[in-house]
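Step one of this worksheet: look at the structure below.
The values are calculated or read from the model by the stated rules, or taken from the named source; none is laboratory data. In this text, all values refer to a predicted model and were calculated from it rather than measured experimentally. No Cβ is skipped: glycine too gets one built from the backbone with ideal geometry, and neighbour counts run over all protein chains shown. Just so you know, the surface numbers come from the protein's heavy atoms only, side chains and all, with ligands and any DNA or RNA stripped out. Shrake-Rupley method; radii C 1.70, N 1.55, O 1.52, S 1.80 Å.
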Amino acid sequence: MGTSANIARQACVLGPGPGAADQFWQAHRRGQLIGLRTSGTTTGAGRVIVRSTDSWVDSLDAVAQRCALTPHDRIWIPGPMGSTMNLFAACLAVHNGVEWSSDKPECATIWQLTPARLSSLLDAGLPRSQRLREVIVAGDSLSRGLRDRATTRGINVVHYYGAAEMSMIAMGSCRDDLELFDKVEVRTTDGTIWVRSPWLAQGYLRAAADAPRRSGALTPLRRGDDGFVTVGDRGALDGRRLIVEGRDGAVTTAGQTVLLAPLLERLRHRAQGELFLLGLPHAALGQVLTAVVTRRDDLGPVRAWAREHLTGADRPRRWQWVAHPPLTLSGKVDLRALALELGGPTDRPDSP
């Protein structure tokens, strides 16, 4: 791989607007590298990721086959093209001669959604359309319960796990049945997911040393000598089945550090809806570990399970029900905005 300066001269940085898909295909015809902006809404540190267009295009036939895509389909892609998953869906449509739009969901046969947007649409009642047959869900972990809510409406669900730096990694119908995507190899080391595939990015527009150094900053793409790379996501591998726990984050409460990814994996299996973990300011503890559920009837059972099975700092001391958490422009749950909303104490923490 060339130096950061060489990559910067070669790459065409795509804009966030609807013309990004056209820019992508123009760069592809020129054989030019592209730069994809990340918002950093999850970690607070956005970057420009550089990749070849072939690292997407060469995977699109396999994705289309998994989604049973036909030229008669129409894809609804709400959200900006500055989100890599939305741009990928638009490129998938163009590659397969399929129409796509960011409006008129009632005219679409396929929707590309985040789990949060799917949940909101199911709550509101799906637009009446005889054409809708499938939702492609990405951008965050999709629970079995949310998948089942969609399938009971007669809608097929395709869920994939990936990263802006590594593209497609695993596909299934929800986070419980993800299997490795075509030509993808995965190994886990000390609980960290490492990936080797033809779909990897080349690096960042700026060197990792130029990135903001702050608590929770985005983990840069790390490369091993064997061609495997990681962005720090946690998980485990069972044959070709990939269990994804998420990216490491931590809450420090009463002087003890709690790693959120493995704890979140345990708690999510007890909830019917979505569940998130936050560290909220607390005068005595520094931070108080807070569990947020999106279904009110999850509060009692999950809280009771936590009291019985979790001890010490691993047990959330505060529980909140938020039916509709704030979203980023790309449709992901905005954990920073959610933390600001819940910043003031509204529920006395559980006793140890």
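So the values come out like this:
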{"item": "Largest to smallest principal axis extent of the C-alpha atoms in the chain, angstrom", "result": "62, 51, 38"}
{"item": "C-alpha long axis of helix 84-95 to longest principal axis of the chain, angle in °", "result": "30"}
{"item": "The stretch 145-289: relative contact order as a whole-number percent, Cα under 8 Å and 6+ apart", "result": "16"}
{"item": "Highest average packing first - 19-31, 281-293, Cβ atoms within 10 Å", "result": "281-293, 19-31"}
{"item": "Intensity falloff of the stretch 40-111 expressed as log10 I(q)/I(0), Debye formula with alpha-carbon point scatterers, at q = 0.14, 0.24 Å⁻¹", "result": "-0.49, -1.10"}
{"item": "Degrees separating the helix 115-124 axis from the principal Cα axis of the chain, which is the longest one", "result": "80"}
{"item": "Net charge contributed by nearby residues that have their C-beta within less than 10 Å of Thr38 (K/R +1, D/E -1)", "result": "+1"}
{"item": "For the stretch 80-166, size of Cβ-based charge dipole, Lys and Arg +1, Asp and Glu -1, in debye", "result": "320"}
{"item": "Sorted peptide list for 307-316, 83-92, criterion being average Cβ within 10 angstrom, highest first", "result": "83-92, 307-316"}
{"item": "Simple spin-label estimate for Asp123 and Glu308 in nanometres, 7 Å along Cα-Cβ", "result": "2.8"}
{"item": "The chain - percent relative contact order, Cα under 8 Å, separation 6 or more", "result": "13"}
{"item": "Chain lengthening between Leu299 and His269 when straightened (0.36 nm per residue, less Cα-Cα)", "result": "9.5 nm"}
{"item": "Net length gained if the chain between Gln10 and Lys104 were fully extended (0.36 nm per residue, minus Cα distance)", "result": "30.1 nm"}
{"item": "In degrees, nearest ten, helix 20-30 long axis to first principal axis of the chain (Cα)", "result": "40"}
{"item": "Ile110, Ile243, reordered so the largest accessible area comes first (probe 1.4 Å)", "result": "Ile243, Ile110"}
{"item": "DSSP-assigned coil residues among trypsin sites (Lys or Arg not before Pro) in the stretch 129-168, each with at most 13 further Cβ atoms within 10 Å", "result": "Arg131, Arg153"}
{"item": "Overall form of the stretch 122-203 per C-alpha gyration tensor (a/c, 1.5; a/b vs b/c)", "result": "prolate"}
{"item": "Hypothetical label at Ala283: residues of the stretch 307-333 whose amide nitrogen lies under 20 Å (7 Å Cα-Cβ projection)", "result": "317-319"}
{"item": "Distance between the stretch 231-265 and the stretch 139-161 - C-alpha centres, whole angstrom", "result": "22"}
{"item": "The stretch 14-96: relative contact order as a whole-number percent, Cα under 8 Å and 6+ apart", "result": "36"}
{"item": "Cα pair distances of the stretch 238-352 binned at 5 Å [whole percent]", "result": "2, 11, 22, 25, 22, 11, 5, 2, 1, 0"}
